[in-house]
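The values are calculated or read from the model by the stated rules, or taken from the named source; none is laboratory data. The shown structure was predicted, so the numbers you read here are calculated from the model rather than taken from an experiment. Note: ideal-geometry Cβ built from the backbone for every residue, glycine included; neighbour counts use all protein chains shown. SASA here: full protein model, heavy atoms, side chains in, ligands and nucleic acids out. Shrake-Rupley method; radii C 1.70, N 1.55, O 1.52, S 1.80 Å.
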Amino acid sequence: MRLAGPVRIIVVLLTVGLTWILAGIILGTQNGFPRLQQFMGGSEVVSTADPRPRKYKCGLPQPCPEKHFAFRVVSGAANVIGPKICFEDKMLMSSVQNNVGRGLNIALVNGVNGELIEAKTFDMWDGDVSELLNFLRPLHEGTLVLLASYDDPATKMNEDARKMFSGLGSSSIKEVAFRDSWVFVGAKGVQDKSPFEQHIKNSKSNNKYEGWPEAVELEGCVPQRTLDLE
């Protein structure tokens, strides 16, 4: 009879402990189970794997090969969200940089060392297209041209400007029109058409936004020039 009290206390403590462990397992926390393992001399398994996918320069899913530059170009969304131009993990143009605007947003990059030469916006709705022509005419061989449209890329576009972009490697320039979404990466002196270009037509039946198509995105690796011809 004298042992009834201590036995009852031990039974109650064991019941509470087991209930706590089972509740932790059922609720998904499993806080009690690892501690029980440690108490029994077992080792706790700790996961060290990072569930997030690794990102490389400019957010690319894979690194660029040697002697290649990483880039990512995103057009504006309607007339609300500005475009972005990233090169070698440096944001060259964006709303945060406060250097983008309606029309064509263009960054010129040295194709040998990857350094930014100049970044500028050209209003293609009511601007002067001669400013765009004067910007592109003096380019040196090998200069990279990264372009992202915003709102309207083509109202002021004339035949001279279209020929100039065609000479930089654009395949879509003949079709680029009012409020289209357009991104392009070309270079002065290319022999063939650039593989880096995306274009979506402004279409009332297919537009994502009321008066504009969806934004377009372009990313990849552009070969580094081996000889500076500047």
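Students often get this wrong, so check it: of Lys90/Lys204; Lys57/Lys188; Lys67/Lys174, which have C-alpha atoms separated by over 29 Å?
Table pairs above 29 Å Cα-Cα are Lys90/Lys204; Lys67/Lys174.
Using only the Cα atoms of segment 62-106, what are the Rg and Dmax in Å?
12.0, 37
Taking Cα centroids, how far is segment 132-200 from segment 85-116 in Å?
Computed from Cα coordinates, the inter-centre distance equals 15 Å.
Which of the aspartates and glutamates could be linked to Lys156 by a straight reach, that is with a Cα gap under 18 Å, when you skip same-chain ones fewer than 8 residues away?
Output for Lys156: Asp123, Asp126, Asp128, Glu131, Glu175, Asp180.
Between Met91 and Gln62, what FRET efficiency comes out of the Förster formula 1/(1 + (r/R0)^6) with R0 = 30 Å and r the beta carbon distance, rounded to 0.05?
0.90
Can you give me the P(r) profile for segment 77-197? Cα pairs, bins 10 angstrom wide beginning at 0, each as a whole percent.
Here the calculated profile for segment 77-197 is 14, 50, 33, 3.
Take the solvent-accessible surface of the protein heavy atoms, probe 1.4 Å, and return the percent of it on segment 54-164 that carbon and sulfur atoms account for.
Exposed carbon and sulfur together represent 46 percent of the surface.
Could you run the Debye sum over the Cα atoms of segment 149-205, one equal point scatterer each and no solvent, and tell me log10 of I(q)/I(0) at q = 0.13, 0.24, 0.27, 0.30 Å⁻¹, two decimals?
-0.31, -0.95, -1.14, -1.29
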